[in-house]
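Written below as structure tokens is the structure these notes are about.
The values are calculated or read from the model by the stated rules, or taken from the named source; none is laboratory data. Treat the numbers as computed from the prediction; the structure is a model and nothing was measured. As a convention, Cβ positions derive from the backbone with ideal geometry for all residues, glycine included, and neighbour counts pool all protein chains shown. Accessible surface areas use protein heavy atoms only, side chains included; no ligands, DNA or RNA. Shrake-Rupley method; radii C 1.70, N 1.55, O 1.52, S 1.80 Å.
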Amino acid sequence: MKKLTTPEKILRAAHKLFDREGPEAVTMRRVAEAVGITPMAIYRHFANREALLKRLSDDSFNATAKQWQTIAQHPDVEQRLLSLLKPQLDYALEHPHLFDHAFLAPRDDARRFPEDFKARRSPTMNVTADIISEAMQQGALRQDDPWDVTMTASALQLGLIALYRAGRFSYDEAGFRQFYFDSMRRLIDGIKT
């Protein structure tokens, strides 16, 4: 088994703290303690705490995009779109701190719509936008701006998840999951040709 480098150990420890307790828990002191190094040693690999958090965020987006590309292999574009719904919901419910930081928390380094997305700076949104664009080219979805449609679908997903996690649904998790999938299917049905 490959031995982890010091930066990999730092990232792994920071990720565990973040996932368990949120971004406030990721301090240089706590990460250093988990790795078994001095807090100052972290600065050899990450300029500051913000750089470490940004790297965690970037790694998370890239890993999610890679997973989505693997999942989204169905020849039918509608089925490819639907296949992305479960992993995003699973991630949001299993890793709420990471999800909030990536999608809901204000951040200086957050991508902005439309410029950053149309410039393909979002690994996750690129996957969805490409499928939506392909569906429009094939005539499966109505012609529109694929990025606008992608953002609309993403906003519905994120909004539903945020409302559920804020206790705005009386559904248990299984009931919410069904409502979430039904809602996204309604959206897709509404933009079909």
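Among the conditions (1) under 26 Å from ALA162 (Cβ atoms); (2) of a type outside the set (Lys, Arg); (3) without any contact (Cβ under 8 Å) to a residue 12 or more places away in the chain, the only one that GLN79 does not satisfy is (1). ALA102 satisfies every condition listed in (1) more than 29 Å from ALA51 (Cβ to Cβ); (2) open to solvent by less than 80 Å² (accessible area, probe 1.4 Å); (3) among the small types (Gly, Ala, Ser) except (1).
Yes/no matrix, rows are residues, columns are (1) of a type outside the set (S, T, N, Q); (2) touching a Pro at 6+ places or on another chain (Cβ under 8 Å); (3) assigned to a loop (DSSP other than H, G, I, E, B):
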| site | (1), (2), (3) |
| --- | --- |
| ALA102 | yes, no, no |
| ARG107 | yes, no, yes |
| PHE113 | yes, no, yes |
| MET136 | yes, yes, no |
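Condition test on ARG107, is it under 28 Å from ARG49 (Cα atoms), charged (D, E, K, R), at pLDDT below 95 and surrounded by 13 or more Cβ atoms within 10 Å (Cβ to Cβ)? For ARG107, the condition - under 28 Å from ARG49 (Cα atoms), charged (D, E, K, R), at pLDDT below 95 and surrounded by 13 or more Cβ atoms within 10 Å (Cβ to Cβ) - is met. Starting from residues that are open to solvent by less than 30 Å² (accessible area, probe 1.4 Å) and β-branched (Val, Ile, Thr), keep the ones in region 119-174 and report whichever is modelled with the lowest pLDDT. Among those that are open to solvent by less than 30 Å² (accessible area, probe 1.4 Å) and β-branched (Val, Ile, Thr), it is THR124. For PHE99, the requirement of being under 21 Å from ILE71 (Cα atoms), under 18 Å from the mean Cα position of the chain (by Cα) and modelled with pLDDT of 95 or more is not met.
Set side by side, the residues PRO87, PRO114 differ, and just one is modelled with pLDDT of 90 or more, of a type outside the set (Ser, Thr, Tyr), closer than 28 Å to ARG177 by Cβ and surrounded by fewer than 18 Cβ atoms within 10 Å (Cβ to Cβ), which is PRO87. For first residues located in region 85-99 and part of a helix (DSSP H, G or I), partners that are of a type in the set (Gly, Ala, Ser) and lie 6+ apart or on another chain with Cβ distances below 6 Å form the pairs HIS97/GLY22; LEU98/SER60; PHE99/ALA92. Checking the structure you have, find out if any residue of region 42-65 is touching a residue at least 40 places away in the same chain (Cβ under 8 Å), surrounded by fewer than 17 Cβ atoms within 10 Å (Cβ to Cβ) and not in a helix (DSSP H, G or I). No, that holds for no residue.
Listed by first and then second residue, the pairs with beta-carbon distance under 7 Å, at least 6 apart or on different chains, first residue in region 168-193 and within 27 Å of ASP145 (Cα to Cα) and in contact (Cβ under 8 Å) with a residue 40 or more places away in the chain, second open to solvent by 50 Å² or more (accessible area, probe 1.4 Å) and assigned to a helix (DSSP H, G or I), are MET184/LEU156.
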